[in-house]
């Protein structure tokens, strides 16, 4: 029996006893049922839009960097497509926020910040100068506003969460009103209304209260961990055998939670991953390096860093084209990742240069590991490797260790980088370790 039909049956029973209170109860339930479904449906679209905004912003930022670095106009086209998606999301949020002064103001503020960010980014992308000059100016002028846009978008999420909290309070108030009506009916017509009240509570108030608690957990978890929402909805659906509106609403809530959880995980993965090699990107690598150095200082442990650079990679690119060049980098990344331990952190440092962070690892062990990587690259088969100088595709590696060779994260990178260039100077396809205090 559907939710609406149950209410009709209860109405017929209640009309025999009273003509006023049952009608009032039905009126409240119908309004709540309608408003609640509309509210959840609107919030699903709003949260998807806000999640898509940050994802599109990351896509725009990434493609713009690639365009600045490569000059390939295809990356600029992809960036413009991401920009159009962002503008569409803002437009939809403004339509939803119509009539809500605070929400409209927040969305318009994000819109103005994004427009300022796009103006700065596009001027830099179209400016003349070397790649290093563009990259330096890009980092200096718009990274700060990029962070502000992310923060403002998160504040928009918090604003929506506050609205969700208010909605939860409203739901609880309506449930309490239904309980009061049931109490009055029980006092006036005790024998019949006790049965009616129990049926109302079991079929309507209890499920609504359960869904209210699930929605409240969404707000408290700040949308970072939606697993509790998904589990709660699954348990609710399994226990409720009927296929009425409340059950369908619970399924919609479960799907909404799963969608947000999936998008959050995907967003986190995109933020820290290099799109081409699937290793950690440079930004995440810097954060991990700082953390590992801090931990090593605290517990008096060693941390080693291996810098890896493909030998004569420009020659390989010029001879075989960028597509095969990219495939060579991807293959190098797979080789490194397959040889790393679970605690190691391989990353793409930039261009054809890679880095591997080795926590709790001394220099001697790091050099042995670096030699295994060098040998694996040398023995691997790369397309047209015979056209390389020396007849093979190889790599040079530099190793440095904290605290033997450095005092902090920056000097560790410098020491490993100097060791790498030393390997290049000695003929390439070799591993060189930084001497103590090489930095």
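What follows is calculated from the coordinates using simple rules that are stated; it is not laboratory data. Quick caveat: nothing in here was measured; it's all calculated off a predicted structure. Heads up, the Cβs are rebuilt from the backbone with ideal geometry, glycines too, and the neighbour counts pull from every protein chain shown.
Annotation: peptides 294-302, 411-419, 280-288, ranked by per-residue average of other Cβ atoms within 10 Å with the highest first, follow the order 411-419, 280-288, 294-302.
For region 271-334, what is the relative contact order in percent, using Cα pairs closer than 8 Å and at least 6 residues apart in sequence?
Values: 28 pairs, mean separation 21.4, N = 64.
Normalised by residue count, the contact order of region 271-334 is 33 percent.
Using every pair of separate Cα atoms, the Kirkwood estimate puts the hydrodynamic radius of region 282-433 at 15.5 angstrom. Between residue 426 and residue 330, the modelled label-to-label distance comes to 3.4 nm, taking each label 7 Å out from Cα in the direction of the beta carbon. The order of the peptides 305-314, 73-82 by mean Cβ neighbours within 10 Å, most packed first, is 305-314, 73-82. Peptides 58-70, 318-330 ranked from most to least packed give 58-70, 318-330, packing being the mean of other C-beta atoms within 10 angstrom over each peptide's residues. Once C-alpha pairs closer than 8 Å and six or more residues apart are averaged by separation and normalised to the residue number of region 303-378, the relative contact order reads 46 percent.
A convex hull fitted around the alpha carbon atoms of region 342-386 yields 99 Å³ per residue.
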